[in-house]
Amino acid sequence: MGKVRLKDLTYSELEEYFLSIGLKKFRARQVFEWLYKGVESFDEMTNLSLDLREKLKEICEITTMKIVEKQISRDGTVKYLWELSDGETVESVLMDYKHGRPICISTQVGCNMGCKFCASTVGGKVRDLTAGEISDQVIFAAKDSNCSISNIVLMGIGEPLDNYDNVTKFIRNINHFAGMNIGARHISLSTCGLVERIKQLANEEIPLTLSVSLHATNNEKRSSLMPVNKKYNIEELLDACRYYIEKTNRRVTFEYALINEVNDYKEDAEALFKLLKGMLCHVNLIPVNNVDTNNFEKSSMERIEKFRDTLMKKGITTTIRRGLGSDIDASCGQLRRRHRKG
Ligand code: SAH
């Protein structure tokens with residue numbers, strides 16, 4: 001039997017596990033605190049006796065991640081390419097804002113959702129990340145950059161709701177007072193629209209911010225950009241979002257990547273307004289990033305601002321995403337892809 005990977009357990013699972021191997025419950029608190037400080041061996045856990053450290057070494061494991069590549073942008077954005085214990089790689093992006101250090105992390109190695117504009121989906125999903133591997137991105141980025149992380153954005157490689165159990169476990173761990181203590185309100189989760197899972201998440205009582213990747217306003221166009229729409233169409237998706245809002249009383253963010261002369265017309269903005277009218281929501285416009293597998297072009301800033309103004313005039317709060325890290329491969333999947341090809 002392999003060693004128990006402690007960061008794959010929740011706090012209460014860790015307590016139960018320690019009780020089952022004859023340890024006192026309070027040991028779980030001590031070990032949990034060390035794990036989320038980024039220790040790499042039991043020897044660093046100086047408040048445990050030498051005997052206990054030896055015992056834990058034999059049966060448990062502290063996972064770590066190796067930095068394969070690190071890119072630092074002029075604006076302070078740091079992009080990490082990590083190597084996991086089986087040699088697979090994933091990316092995270094640590095941002096540097098005046099008000100804090102958000103990190104965008106991956107939830108899967110690759111992705112099965114097949115969005116036509118996205119670099120992460122090329123080659124499909126290799127595997128899910130474990131809860132510990134999702135946490136490790138936060139833990140080791142904070143350690144490497146010597147900073148404390150203010151916000152978590154689940155928007156890197158993968159579809160978080162396609163790895164539901166590990167992602168919710170991760171959220172509870174990173175949220176735990178004995179760990180990194182990052183409040184759920186400082187966590188956002190982005191999904192391409194897995195309707196059943198959105199409803200399930202609504203019932204978890206985790207007050208995070210849900211972002212939904214919409215990108216088109218009619219089913220024909222959305223299905224051609226995002227195959228997931230053939231399974232859950234726009235109407236079903238928006239129903240699930242309304243359910244989420246009703247249950248959580250939280251504002252939902254709709255992500256809309258603007259692709260030149262594909263989905264950036266005035267009619268699209270008007271149709272988007274009609275779809276979202278009356279919902280507690282916010283729209284975030286993203287100038288699409290060109291990836292080498294497609295020939296989508298970014299809309300011009302003029303078209304983007306017009307699109308925003310149309311929505312704003314009708315009373316929908318709309319922002320345009322700042323293009324941080326544009327001088328490095330800062331959008332998801334690009335660094336892993338380049339590494340795999342190279
Ligand atoms: N699977 C989740 C989260 C990962 S993608 C989701 O689909 O939401 C994070 C966001 O980046 C999504 O809104 C996604 O649609 C968007 N995105 C992916 N590729 C992009 C690209 N080339 N340009 C702009 N946005 C992109």
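The values are calculated or read from the model by the stated rules, or taken from the named source; none is laboratory data. All values reported here derive from a predicted model rather than from experimental measurement. Positions of Cβ are generated from backbone atoms using ideal geometry, with glycine treated the same way; all protein chains shown enter the neighbour counts.
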- What about SER73, is it in contact with a Gly (Cβ under 6 Å, 6 or more places away or on another chain) and over 16 Å from ILE139 (Cβ atoms)? yes
- Query: Only one residue in ILE182, ILE171, ILE157 is farther than 25 Å from LEU272 by Cα, within 16 Å of the ligand (Cβ to nearest atom) and not in a helix (DSSP H, G or I), so which one is that?
  - Reply: ILE157
- Task: Would you please name the residue that is surrounded by the fewest Cβ atoms within 10 Å (Cβ to Cβ), looking only at residues in the stretch 13-51 that are in contact (Cβ under 8 Å) with a residue 60 or more places away in the chain and touching a helix residue (DSSP H, G or I) at 6+ places or on another chain (Cβ under 7 Å)?
- Result: GLY38
- Boolean, ARG336 is basic (Lys, Arg), buried (at least 20 other Cβ atoms within 10 Å of the Cβ), modelled with pLDDT under 95 and within 16 Å of the ligand (Cβ to nearest atom): yes
- Query: So VAL195 fits all but one of (1) within 15 Å of the chain's Cα centre (by Cα); (2) surrounded by fewer than 21 Cβ atoms within 10 Å (Cβ to Cβ); (3) among the hydrophobic types (A, V, I, L, M, F, W, C); what number is the exception?
  - Reply: (1)
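Could you list all residues from the stretch 30-51 that are touching a Phe, Trp or Tyr at 6+ places or on another chain (Cβ under 8 Å) and either over 13 Å from ASN173 (Cβ atoms) or of a type in the set (S, T, N, Q) (or both)? If you could, list the steps in order and put the result at the bottom.
Step one: of the stretch 30-51, the residues touching a Phe, Trp or Tyr at 6+ places or on another chain (Cβ under 8 Å) are 31-32, 38, 44-45, 48.
Within the stretch 30-51, GLY38, GLU44, MET45, LEU48 qualify.
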- Do we find that TYR256 is within 15 Å of the ligand (Cβ to nearest atom), among the aromatic types (Phe, Trp, Tyr) and assigned to a helix (DSSP H, G or I) in this structure? no
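Please find, within the stretch 284-309, the residue that is surrounded by the fewest Cβ atoms within 10 Å (Cβ to Cβ) out of those that are among the hydrophobic types (A, V, I, L, M, F, W, C) and farther than 15 Å from ARG222 by Cβ.
Quick first cut of the stretch 284-309, residues among the hydrophobic types (A, V, I, L, M, F, W, C) only: 285-286, 288, 291, 296, 301, 304, 307.
In the following step, the residues that additionally are farther than 15 Å from ARG222 by Cβ were identified as 285-286, 291, 301, 304, 307.
On the way: LEU285: 21, ILE286: 20, VAL291: 19, MET301: 10, ILE304: 19, PHE307: 24.
Out of the qualifying residues, it is MET301.
Would you tally the residues in the stretch 74-87 being farther than 13 Å from SER145 by Cβ, part of a loop (DSSP other than H, G, I, E, B) and within 18 Å of the chain's Cα centre (by Cα)?
To start, the set of residues in the stretch 74-87 that are farther than 13 Å from SER145 by Cβ comprises 74-75, 81-87.
Keeping just the survivors that are part of a loop (DSSP other than H, G, I, E, B) gives 74-75, 84-87.
Subsequent filtering for residues that are within 18 Å of the chain's Cα centre (by Cα) retains 84.
Total satisfying the criteria: 1.
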- Examine the stretch 303-324 for a residue that is within 16 Å of the ligand (Cβ to nearest atom), more than 21 Å from the chain's Cα centre (by Cα) and aromatic (Phe, Trp, Tyr), and state whether such a residue exists. yes
- Message: I want to confirm something. Restricting to the stretch 129-147 and keeping residues that are farther than 21 Å from TYR11 by Cα and without any contact (Cβ under 8 Å) to a residue 60 or more places away in the chain, which single residue is farthest from the ligand (Cβ to nearest atom)?
- Response: ASN146
- When (1) out of contact with any Lys or Arg (no Cβ under 6 Å at 6 or more places or on another chain); (2) assigned by TED's automatic domain parsing to the domain that holds PRO160; (3) not β-branched (Val, Ile, Thr) are applied to SER49, the one that fails is (2)
- Task: Output the residues belonging to the stretch 185-199 that are part of a helix (DSSP H, G or I) and either more than 20 Å from ARG242 (Cα to Cα) or more than 13 Å from the ligand (Cβ to nearest atom) (or both).
- Result: ARG185, HIS186, VAL195, GLU196, LYS199
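Only one residue in LEU238, LEU272 is buried (at least 18 other Cβ atoms within 10 Å of the Cβ), more than 22 Å from GLY158 (Cα to Cα), more than 12 Å from the ligand (Cβ to nearest atom) and not β-branched (Val, Ile, Thr). Which one?
Numbers: LEU238 fails: more than 22 Å from GLY158 (Cα to Cα).
Going through LEU238, LEU272 in turn, just one is buried (at least 18 other Cβ atoms within 10 Å of the Cβ), more than 22 Å from GLY158 (Cα to Cα), more than 12 Å from the ligand (Cβ to nearest atom) and not β-branched (Val, Ile, Thr): LEU272.
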- Query: In the stretch 98-133, what residues are closer than 21 Å to SER213 by Cα and acidic (Asp, Glu)?
  - Reply: ASP128
